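**Student:** Input: one structure, supplied below.
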Amino acid sequence: MPHPDRVKHSGTIGDVFGHRFVLEMRKGNILADIGPKGVEHFRLKTGRQVNIEGKKTPSEVKVRSISRSDGKTVVIDHPKHSPEQTTTDLSKALRAVKKAGFDAIGEPRRKPRHFEILARNSNGTEVELHVELDGHIRKRKKLLAA
């Protein structure tokens, strides 16, 4: 018996929003997400006929595979962040903060794809750092003095 969250749909690509698109079908439209890695390998083109398979979430379908009429199929991996990654990822993030010349202050906040870490440098400047799980600092936001 198939898993109730696993779905297969066929239709036409409607509006495209980055790595998400509207799949237009006779029975209605759905929002589908192929992820940033997916768009690197499969061009989302309005009007293209596609078949998708994926996992239904409350707001969209996380596409696991997408194929077009000429047979090109792309399998997409949507990574999950397992609890055991948190310790390793946090240690990488904190090392990156230290390497950038900051000391973490307060408790880091875990987001799905990064940590938000309040930090202070030797001059006393406080910033909010967004550190990806691989330890790359992708955003520095200077905090206003109180």
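**Student:** Among the residues of segment 102-115, are any over 18 Å from the mean Cα position of the chain (by Cα), surrounded by fewer than 17 Cβ atoms within 10 Å (Cβ to Cβ), of a type in the set (A, V, I, L, M) and at pLDDT 85 or above?
**Tutor:** Yes: segment 102-115 contains one or more residues that are over 18 Å from the mean Cα position of the chain (by Cα), surrounded by fewer than 17 Cβ atoms within 10 Å (Cβ to Cβ), of a type in the set (A, V, I, L, M) and at pLDDT 85 or above.
**Student:** Another one. Kindly list the number of the only condition in (1) assigned by TED's automatic domain parsing to the domain that holds GLY135; (2) modelled with pLDDT of 95 or more; (3) of a type in the set (Val, Ile, Thr) that fails for VAL50.
**Tutor:** Tallying (1) assigned by TED's automatic domain parsing to the domain that holds GLY135; (2) modelled with pLDDT of 95 or more; (3) of a type in the set (Val, Ile, Thr), VAL50 fails exactly one: (1).
**Student:** Within the set of pairs 6 or more residues apart or between chains, which connect a residue that is over 17 Å from THR57 (Cβ atoms) inside segment 16-40 to a residue that is modelled with pLDDT under 95 and acidic (Asp, Glu) with Cβ atoms less than 8 Å apart?
**Tutor:** Within 8 Å, the pairs are LYS37/ASP77.
**Student:** In the set LYS45, LYS8, LYS62, LYS55, which member is in contact (Cβ under 8 Å) with a residue 24 or more places away in the chain and outside any strand (DSSP E or B)?
**Tutor:** Unique residue meeting the criteria: LYS45.
**Student:** Residue by residue through segment 116-133, note down the ones that are over 14 Å from the mean Cα position of the chain (by Cα), within 15 Å of ASP89 (Cα to Cα) and not aliphatic (A, V, I, L, M).
**Tutor:** GLU116, HIS130, listed by residue number.
**Student:** Looking only at segment 119-136, decide whether some residue is among the small types (Gly, Ala, Ser), in contact with a strand residue (DSSP E or B) (Cβ under 8 Å, 6 or more places away or on another chain) and either at pLDDT 90 or above or exposed (fewer than 12 other Cβ atoms within 10 Å of the Cβ) (or both).
**Tutor:** So far as segment 119-136 goes, yes, one or more of its residues are among the small types (Gly, Ala, Ser), in contact with a strand residue (DSSP E or B) (Cβ under 8 Å, 6 or more places away or on another chain) and either at pLDDT 90 or above or exposed (fewer than 12 other Cβ atoms within 10 Å of the Cβ) (or both).
The values are calculated or read from the model by the stated rules, or taken from the named source; none is laboratory data. Everything numeric here is computed off the predicted structure, so don't read it as measured data. Cβ atoms come from the backbone with ideal geometry, glycine included; neighbour counts cover every protein chain shown.
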